[in-house]
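Heads up: the structure comes next, in structure tokens.
The values are calculated or read from the model by the stated rules, or taken from the named source; none is laboratory data. Bear in mind that the values here come from a model prediction, so they are computed numbers and not experimental data. Cβ atoms come from the backbone with ideal geometry, glycine included; neighbour counts cover every protein chain shown. Remember, those area values only see protein heavy atoms, side chains included, never the ligands or the DNA or RNA. Shrake-Rupley method; radii C 1.70, N 1.55, O 1.52, S 1.80 Å.
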Amino acid sequence: MEGPQAVGGPGAAENANNYVQVLCCVCGIPIAPNAANTCASCLASSSDITRGISTEVTLHQCRGCQRWHKEAGKWIACELESRELMALCLGNVSGLKTTKGSGQKVRLVDAAWIWTEPHSMRLKVRLTIQKEVQQGTILQQSFTVVFIVRNQQCIECQAEFRQGSWKSLVQVRQRVAHKRTFLYLEQLILKHGAHRGCLSIETFRDGMDFYFPDKGKAARFISFLENVVPTKMKTSKKLIGTDDKSNVSNFKYTSLIEICPLCKDDLLYLPVKTARNLGNINRLVMVKAISNVIHLIDPLSGQTAQLAGDAFWRDPLRPIITAARSRMTRFVVLGKEPVLLRPNVSKRSATRKQKSRLANLTLAREDDLGVNDRQFEERSSVGYLMKSGDVCVGYDLTETQFVDDEAERMRSSGKLPDVIVIRKLYGGVAAGEADASKKRLWKLKRLEVEKAEKSARAARQDAEADDMDEEDFMREVEADRDMRSQINLYKSELLKKKSDKINPDVMSDVVENNDEEDEDDQEVKLDELLDALAMDDGPDPEDIGNEEVEDSGFEEGGKAAMDGIAYVGREEARQIKDKEGAVPQAEFGKHYDFDPDL
């Protein structure tokens, strides 16, 4: 660094003629008289304007959530080299605003990040400040401030390791015999990250409990549930402790969320008034899907309707057949006759747009093949998916007795269809293979939950029931494209092994040679699957050579450049002194703009 040089402002010669010049008490050059009788160069060499400003500061970072401590229990998230972290660092430097004991302001004119070792637990900032030491003499000096990073748990992370620390409990319940709705809800929670901030999750046979550290996070989770399923809520609170002096009480809040008991594929027989209000739909309907409203479909005509959650809770409906595996029957499709929208259009000349999704199906029970010749001919709204030889599941109404008296009279009089087709079966499930679930090319992620303590026998029974419910849910997912669009499907390990052996050219030829008349748009396609993150497979082969380049999420100094902050690289950082000498300046520089109050 060059030695300090005195810089005279405009009109310095005129000011020298107006005053009697004196000699500098240090170097002896003639100068205008001042309080110190010292020239600017000597004053700069003997002054330290960084006195009173701390050059070593301690910052606390939570190791769990990677947030930084600001003040009074407040934690903020900042990226390295970001403007927010720079403001946090400058706000913790004592003496930066005013020099102790003088009351004279120190002007910050520049701040830059300095490269440090990634695992050194240190942050370095190069600061440049200016200060007027006496009237007309402005000094500028650069120095380095080292920020030592210490680990400290934030309040939320402390609560995760402390029992009984929850402040709000959300109990989600559905009064049904299966857990397929909760499996779907679990996938929605994972996709949208609605469980963030949850301390723990406990599962039961009829629901789940979510524990939150404060009421705000629980309210946000409840709002998410209200947007994805029809619910009704009850709340309560329990007094834990109170301080009479400060009039402060500590409560624990509990919210009971009850989900609509209707589930996908349930069969309903609507009251006359309700059917009329839903667009005069047929009274025999099936639940097509569950969202914040109940989606109904006429299985014979394909007409759809939506039942609001408020309307359901005012007049609850009870399904005449619940979508349980024991209530479903496997059928084999023997024939298909499409139902055309225009009777005068010939079957050969009908285009795909002119075709309806309705079809007349000829069905036979799978168990009756080779035993008797009984067949059923019924119209179905999913008939366009079927072709001869396919296997589907449906409700056999000829051997069913309804709880609803009116629906039972209609069935006995022959006014209801004999078979209601639910969905088509795919893959090994259709072939009846015992290990069909292991041969699926896709999989789902699950939440990390804690199961309630039970006896060994009860736990074994619940595990068997959970496995059956999960398999039923997987069959629903692979036969419903709309449901798959709401959740994330991942490639299974079996598909990853097969993909290494499959020739892409062969796969493209197979796709191009598909029959144009195949209208099955519900089967799982490969482009719907995501690559699951494997934590134990090591780096990808193509990334091995780029490990040094892409060590972190961004380039060295890239984030600082994006935020408009100067950055001192690795080589330059080794040559920088911790503190430079003061240099006199003609005028104050531009103030460095930062906001310590984020």
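At a glance:
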item	result
Estimated FRET transfer efficiency (E572, E117; beta-carbon r; R0 22 Å; 0.05)	0.90
Accessible surface, per residue, of region 23-96 when the full set of protein chains is kept, probe 1.4 Å, Å²	49
Between region 428-482 and region 204-278, the Cα center-to-center distance that results, in Å	26
FRET efficiency, 1/(1 + (r/R0)^6) with R0 30 Å, evaluated for D482 and L369 via beta carbons	0.40
Protection proxy ranking, peptides 64-71, 433-440, 363-370, average beta carbon neighbours within 10 Å, highest first	64-71, 363-370, 433-440
Accessible-area composition of region 271-311, carbon plus sulfur, in percent [1.4 Å probe]	49
Distance in nm between pseudo-label sites at L190 and D405 (7 Å out along the Cβ direction from Cα)	4.7
Environment charge at L169 (Cβ cut-off 9 Å; Lys +1, Arg +1, Asp -1, Glu -1)	+1
Radius 13 Å from Cβ of N151, net charge of other residues (Lys, Arg +1; Asp, Glu -1)	+3
FRET efficiency, 1/(1 + (r/R0)^6) with R0 35 Å, evaluated for K273 and S249 via beta carbons	0.15
Contour minus Cα-Cα distance for A459 and A561 (0.36 nm per residue)	31.0 nm
Too-long pairs where the Cα-Cα distance tops 27 Å, listed order kept, from K215/K245; K264/K445; K74/K245; K264/K497	K264/K497
Amide proton proximity set for M328, modelled H, under 5 Å, gap of 5+	none
Within the accessible area of region 387-495 (1.4 Å probe), percent carbon and sulfur	44
